[in-house]
């Protein structure tokens, strides 16, 4: 019976597939006779081979598996990676991050859409880019800072991600700028040498 092992993405724990006998992790070392990649949609096999620090003929053990997992995740192309053994073949099974089909901004008045779009492109939010949900938090932080700098401390930023066919997403950003903050009163505390009116003139 052919034995197949699956190395889980995080813990790299060895677990058998259906109809395969469990093998002790200490016996997992093997020489790579071939490499096969499964699950690709947009990323090319050549790209995976370029980043994968494993070649045919390499002696593959637990440490090398960890290095290979880290290298593939570090590309930012994949949201899930599994390394499997099928005989002497290393099988790389990946699930790509979705690509951004469209990107829509709504509610921005203080900043031109073209200006914001250009800035957000630098964060990785643009049509055709690979989508990473962590970037949405960076987006909220960036836009909040921009509006705070203009005195709009009540700004709220809502994001919506709509999944589309072929592993794509649509991103919609709704900005509610709120009113600009105004100084209604200035209180001076602790002045002993000047009267409040004099202090106000001096401070102006």
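The values are calculated or read from the model by the stated rules, or taken from the named source; none is laboratory data. Every value quoted in this text rests on a predicted model; they were computed, and no experiment measured them. Here Cβ is always computed from backbone atoms with ideal geometry, including for glycine, and neighbour counts include all displayed protein chains.
Are any residues in region 137-179 modelled with pLDDT under 90 and in contact with a helix residue (DSSP H, G or I) (Cβ under 7 Å, 6 or more places away or on another chain), and if so, which ones?
Correct list: 139 only.
In region 111-136, how many are in contact with a helix residue (DSSP H, G or I) (Cβ under 9 Å, 6 or more places away or on another chain) and touching a residue at least 40 places away in the same chain (Cβ under 8 Å)?
Within region 111-136, residues that are in contact with a helix residue (DSSP H, G or I) (Cβ under 9 Å, 6 or more places away or on another chain) and touching a residue at least 40 places away in the same chain (Cβ under 8 Å) number 1.
Just to be sure I understand the filter: pairs with C-beta atoms under 6 Å, separated by 6 or more residues or on different chains, first member in region 31-50 and touching a residue at least 40 places away in the same chain (Cβ under 8 Å), second member loosely packed, with under 11 Cβ neighbours inside 10 Å. Which pairs pass?
31/59
Here is a check on your reading of the model: is residue 158 part of a loop (DSSP other than H, G, I, E, B) and not assigned by TED's automatic domain parsing to the domain that holds residue 74?
Numbers: part of a loop (DSSP other than H, G, I, E, B): no; not assigned by TED's automatic domain parsing to the domain that holds residue 74: yes.
The answer is no for residue 158.
Take the residues in region 94-110 that are in contact with a helix residue (DSSP H, G or I) (Cβ under 8 Å, 6 or more places away or on another chain) and over 17 Å from residue 159 (Cβ atoms); name whichever of them is surrounded by the most Cβ atoms within 10 Å (Cβ to Cβ).
Here is the first cut: in region 94-110, the ones in contact with a helix residue (DSSP H, G or I) (Cβ under 8 Å, 6 or more places away or on another chain) are 94, 103, 105, 108, 110.
Next, only the ones that are over 17 Å from residue 159 (Cβ atoms) stay: 94, 110.
Values: 94: 22, 110: 16.
Only one residue tops the list, namely 94.
Of all the residues that make up region 128-140, how many are at negative phi and surrounded by fewer than 14 Cβ atoms within 10 Å (Cβ to Cβ)?
Going through region 128-140, the residues at negative phi turn out to be 129-140.
Now restrict to residues that are surrounded by fewer than 14 Cβ atoms within 10 Å (Cβ to Cβ): 133-134, 137.
Residues that pass the stated criteria total 3.
For region 52-76, what are the residues that are under 23 Å from the mean Cα position of the chain (by Cα) and closer than 21 Å to residue 86 by Cβ? First the steps, then the outcome.
The first filter runs over region 52-76 and keeps only residues under 23 Å from the mean Cα position of the chain (by Cα), leaving 52-53, 65-76.
Scanning region 52-76 gives 52, 53, 65, 66, 67, 68, 69, 71, 72.
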